[in-house]
Structures are given as structure tokens and as C-alpha cells.
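Data first, discussion second: the structure below is written as C-alpha cells.
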Amino acid sequence: MAKVKTLEDLKRMRESLQSELSLRENSDTPEKLVQIKVSMATCGIASGAKETMSFIMEELYRRKIDAVVTQTGCMGYCHSEPTIEVQLPGADPVVYGNVKKERAQLIIDQHIIAGKLVDGIIPGIYSTPDNK
Amino acid sequence: MRDLSMHILDIVGNSVRAKSTEVKIILMEDMDYDILSLRIEDNGCGMSEATIKKAMDPFFTSRKTRKVGLGIPLLQQNAELTNGGITIESEIGKGTQLTAVFVRSHIDRPPLGDIADTIALIISGNPNVNIIYSHSFNDEKYILTTKEIINSLENVSISHPKINQFIKQMIEENLELIGVEL
């Protein structure tokens, strides 16, 4: 039987990851990384937020993108679950609705990598010249 | 909710929202007694007697973003379908303990689901909460905590996708080792 992974293996992996990360600057300050929040309340989970979050994690892992992916509660957009919030370093956060795998893929390809906004944005939390 | 993993993800969300700093997820499977129990203990803000009663009501929620709260009622329904049930104990300021008991072999018992993925997502997704995950299968037990992972990580973020994948695989392998049917 193959050896079962332990925390010791994690320590070893951490060392290689640390050197990998320090090659790219700004890695140890989370606010300088891409931040993704997945809405994970009953409404989100029932609509497949777990699959969306797993997919995002796997895809970011596969493409070696440094990001911080965390969970958040219901943002009040139950009609458009699963919803995610994407914040690029130095930019305002953007909330996307109906994020199944295909849209998550688009968001990673175009928003996170190329910096272009994608269809499916939920407006409402943004500051406009009037409410600033 | 298609499986128990989703219920866990959901109920832990309640604990996190109640400002817990530590959440225990205790799964026990016992073939002799034919029982599968799920217990979630937190040290969050707790609830009063009256609120506990209301928590089982689908049209009660403490949040302001919407008017229904289905998390606990859905879990209760699934547990009761297998002749099991749920209990909630809570004290204001101390925390809440929720226990759901299922008859393990009952045809209506939801499957465990992708438990390794779910626990890894909970641990990575809530970096500021110490998650204590304990899964026992008959006499064997596997325990993993956020704290011990963070201790092995130093300054690398627990929410990093690479770490998340590792945690998932580690849980999978260890559960397999103690005999959990994944």
C-alpha cells in the first residue's frame, strides 16, 4: 500500500512552495494576491457552490496561480447562486452570479489572467460618483 | 442537499457566522450499532432557548439578507427520514452543539459525499477559525486540526490552492486507512 500523506509531507511541500512563492514578489501579503470569496450558505451550497469552489481551487492549482480562496456567507443574491467575489490586487471587488464551471473558467481565463470583466456581474455594491 | 458533506459545509457556516474561533466537526460511524452521527460544536455567540426552538423553523433566520433559513430544517428532515433526529444545545456567549443521528444502513440515509474535499474547503476557506475534524469508524479514528496544519505551514497561506489540494488528498488517504467508505 502506498504511504499515507502526513503533516511531515506538508512541511516538506511548504519548503518548496515557499521558495517558489518568494521568487514571485509580494507573495506573503494576502492583499497583494488575487482574492476570491465563494458564497457558501444554504442557498449557495444547494446551487452547487461546493463544486464551483472545488473547481476554482483545482483550476488555480493546475495553472499555478497564487490566490487566496475563502468562503463567505449569503450575500443576498440567492436568485443567482452560486455567487463569487473576485478582487484583483488594487482593484474593487466584483461579484459574479450563476458561477458554474463554465463561467468560473471564463472568470479565471479572462478576469483573473487578462484583467477583462466577464458576463454575469451582479451590480449593486459599487460606488458611483453619486454615492461616493 | 444531496449528501452529508453539504450539510456539514452548511452547518459549519452557521458556526462561522456566530463568530466562533473554534469549530469541532465530529463524525462517528459505528457498524455494530448501525449509527452514523454528526456533531458540530462551536464556541460562537450561542442562542437562547427561544432561538433554539426557532432554529428548526424554516421561516426563521437571523440574517438580514433573506427571509428563510433552511439549513437546520433540511438536516432535521434528512435525519428523521432514517428514524434518527437532531438535537441542539446552546448557551449564550458559550457556543452551540448540534448533533444529528442517522440510522447508517437506512435506505434514506444520505451518502457521506465528498467528505475529504468538503473538509479541505472548510479548512482552507475559513483560515481564521480553528477547525477540529474528527472522524471515527468503529474503533479507528482520524483527527485533523487547522492549528496543526498552520504550524506546519509557517507563512504560507492555508487558503493557497496547492495547500488545499494537499489537505484534501491527506484526508482521503487517512480516511481510507481507517476503513471509511469513500
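The values are calculated or read from the model by the stated rules, or taken from the named source; none is laboratory data. No experiment lies behind these values; they were computed from the predicted model shown. As a convention, Cβ positions derive from the backbone with ideal geometry for all residues, glycine included, and neighbour counts pool all protein chains shown. Side chains are part of the model used for accessible areas, which takes the heavy atoms of the whole protein and leaves out ligands, DNA and RNA. Shrake-Rupley method; radii C 1.70, N 1.55, O 1.52, S 1.80 Å.
Would you check if there is a residue in the stretch B:105-112 being within 14 Å of another protein chain (Cβ to nearest Cβ) and buried (at least 19 other Cβ atoms within 10 Å of the Cβ)? Yes: one or more hits. Of the residues making up the stretch B:52-64, at least one is on the phi < 0 side of the Ramachandran plot, at the interface with another protein chain (Cβ under 10 Å from one of its Cβ atoms), crowded, with 18+ Cβ neighbours inside 10 Å and over 17 Å from the mean Cα position of the chain (by Cα).
Among the residues examined, A:Thr52 does not qualify as among the β-branched types (Val, Ile, Thr), out of contact with any Pro (no Cβ under 9 Å at 6 or more places or on another chain) and either open to solvent by less than 60 Å² (accessible area, probe 1.4 Å) or modelled with pLDDT under 85 (or both).
Summed over the stretch A:52-98, the residues that are aliphatic (A, V, I, L, M), farther than 15 Å from B:Lys162 by Cβ and in a strand (DSSP E or B) give a count of 4. Only a single criterion out of (1) over 20 Å from B:Val103 (Cβ atoms); (2) open to solvent by less than 40 Å² (accessible area, probe 1.4 Å); (3) not in a loop (DSSP other than H, G, I, E, B) is not satisfied by B:Gly46, namely (3). Selection of the stretch B:145-166 for residues being within 8 Å of another protein chain (Cβ to nearest Cβ) and of a type in the set (A, V, I, L, M, F, W, C) yields B:Ile149, B:Leu153, B:Val156, B:Ile163, B:Phe166. Taken over the stretch A:16-47, the criterion of being surrounded by fewer than 13 Cβ atoms within 10 Å (Cβ to Cβ), among the charged types (D, E, K, R) and either modelled with pLDDT of 85 or more or not in a helix (DSSP H, G or I) (or both) is satisfied by A:Arg24, A:Glu25. Just the residues that are within 9 Å of another protein chain (Cβ to nearest Cβ) and over 12 Å from the mean Cα position of the chain (by Cα), please, taken from the stretch A:64-89. Once the filter is applied, which keeps residues that are within 9 Å of another protein chain (Cβ to nearest Cβ) and over 12 Å from the mean Cα position of the chain (by Cα), the stretch A:64-89 yields A:Lys64, A:Gly73, A:Cys74, A:Met75, A:Gly76, A:Tyr77, A:Cys78. Is the stretch B:35-50 home to any residue that is at pLDDT 95 or above and among the hydroxyl-bearing types (Ser, Thr, Tyr)? Among the residues of the stretch B:35-50, at least one is at pLDDT 95 or above and among the hydroxyl-bearing types (Ser, Thr, Tyr), which makes the answer yes.
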